[in-house]
Amino acid sequence: MDWKQGLLVALGGGAGSVFRTWVNLHFKAGFPWGVLLVNVAGSFLIGLLARYFEGVEERSDLRFLLVAGFCGGFTTFSAFSMDTLKLFRDGQPLLAGANVALNLACCLVAAFAGWQLARPATCG
C-alpha cells in the first residue's frame, strides 16, 4: 500500500466511523439496535461492493476508499461477514462455521475479560 492508498483508507475509515457513531447514537432503545443496524448494513454494503469490484484491480483507489476504508471504519463485522461468505463460496462450510463460532465465542470472552480487567474511569 502506498501513501495515497493509505490516505484513501484513512479518509474512508474516518467517514465510516463518523457514520457508525451517528447511527449508534440515534438507534438506542434498550437493545443495541444501532450496532445491529450497522453490522447488517455494513455486511450488506461490503457484499455489494465486493461483487461490484469483482474483476477490478485489487489495488484500485475506489476499492481502498470504500471497502477497506468506509466499510472498515463503519464496521469490522462486514469484513468478518465477507470472509465467512468467501469460505462458503469456496466450498469450505466447516471452516465458515468455525469462523462464525470462533469469532462469536472468542470476541465475547475477550470483551468480558477486558471488562473484568478494566477499572472504571473516575471523574475529577
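The values are calculated or read from the model by the stated rules, or taken from the named source; none is laboratory data. Small disclaimer: the values here were computed from a predicted structure and weren't measured. With ideal geometry, Cβ positions are generated from the backbone for all residues, glycine too; neighbour counts draw on all protein chains shown. What goes into the accessible areas is simple: the full protein's heavy atoms, side chains included, and nothing from ligands, DNA or RNA. Shrake-Rupley method; radii C 1.70, N 1.55, O 1.52, S 1.80 Å.
Things to note:
- All positions within the range 85-113 that are polar (S, T, N, Q) and either open to solvent by less than 60 Å² (accessible area, probe 1.4 Å) or in contact (Cβ under 8 Å) with a residue 12 or more places away in the chain (or both): Asn99, Asn103
- Scanning the range 52-84 for residues that are over 9 Å from the mean Cα position of the chain (by Cα) and either polar (S, T, N, Q) or open to solvent by 80 Å² or more (accessible area, probe 1.4 Å) (or both) yields Tyr52, Glu54, Gly55, Glu57, Glu58, Arg59, Ser60, Leu62, Asp83, Thr84.
- Options Leu49, Leu11, Leu7, Leu45: the member that is aliphatic (A, V, I, L, M), part of a helix (DSSP H, G or I), under 14 Å from Leu65 (Cβ atoms) and open to solvent by 100 Å² or more (accessible area, probe 1.4 Å): Leu11
- Selected residue (criterion: surrounded by the fewest Cβ atoms within 10 Å (Cβ to Cβ)) from residues of the range 22-39 that are under 14 Å from Gly73 (Cα atoms) and modelled with pLDDT of 90 or more: Trp22
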